[in-house]
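First comes the structure, then the notes that go with it.
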Amino acid sequence: MKKIINGKKYDTTTAKRIGFYSNGYPYTDFRWCEETLYQKINGEYFIMGEGGAMSEYAKELFDKITHGSDIIPFDLEDAMHWCEKHLSVEMYEEIFGEVSE
């Protein structure tokens with residue numbers, strides 16, 4: 001998926017995949033949602049998310065709500081928070097370095 005946001009290009013085919021999250025619902029469920037965190041070559045982060053008609057990625061189409069997808073730019077703090085919430089400690093520290101106790 002590719003998208004230009006505020007004059008910047010976000011492309012899932014050229015960015016590095018950092019982490020993945022699924023809410024566990026099957027694809028056929030309206031609540032289904034998946035997100036992938038990417039890092040661009042220049043170091044910027046973004047999420048590519050998609051989900052069913054009852055997810056945050058839902059879209060209106062011909063007066064009906066349906067599944068959808070979107071790219072959302074993240075700053076470093078957003079990326080770290082997303083990883084804290086969705087990835088293991090080991091994966092987090094592999095990406096951002098060891099965290100003190």
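Every number here is computed from the coordinates shown, using simple stated rules; none is lab data. Computed from a predicted structure; not experimentally measured. Neighbour counts run over all protein chains shown; Cβ positions are idealised from the backbone, glycine included.
The table that follows gives values for the structure above.
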item	result
Selection count, the range 40-60, where residues are within 19 Å of Asp78 (Cβ to Cβ) and surrounded by fewer than 17 Cβ atoms within 10 Å (Cβ to Cβ)	6
Some residue of the range 7-27 being exposed (fewer than 11 other Cβ atoms within 10 Å of the Cβ) and among the β-branched types (Val, Ile, Thr)	yes
Tally of residues being over 16 Å from Glu94 (Cβ atoms) and either free of Cβ contacts under 8 Å to residues at least 40 places away in the same chain or surrounded by fewer than 18 Cβ atoms within 10 Å (Cβ to Cβ) (or both) across the range 28-39	8
Some residue of the range 55-75 being closer than 23 Å to Met1 by Cα and in contact with a helix residue (DSSP H, G or I) (Cβ under 8 Å, 6 or more places away or on another chain)	yes
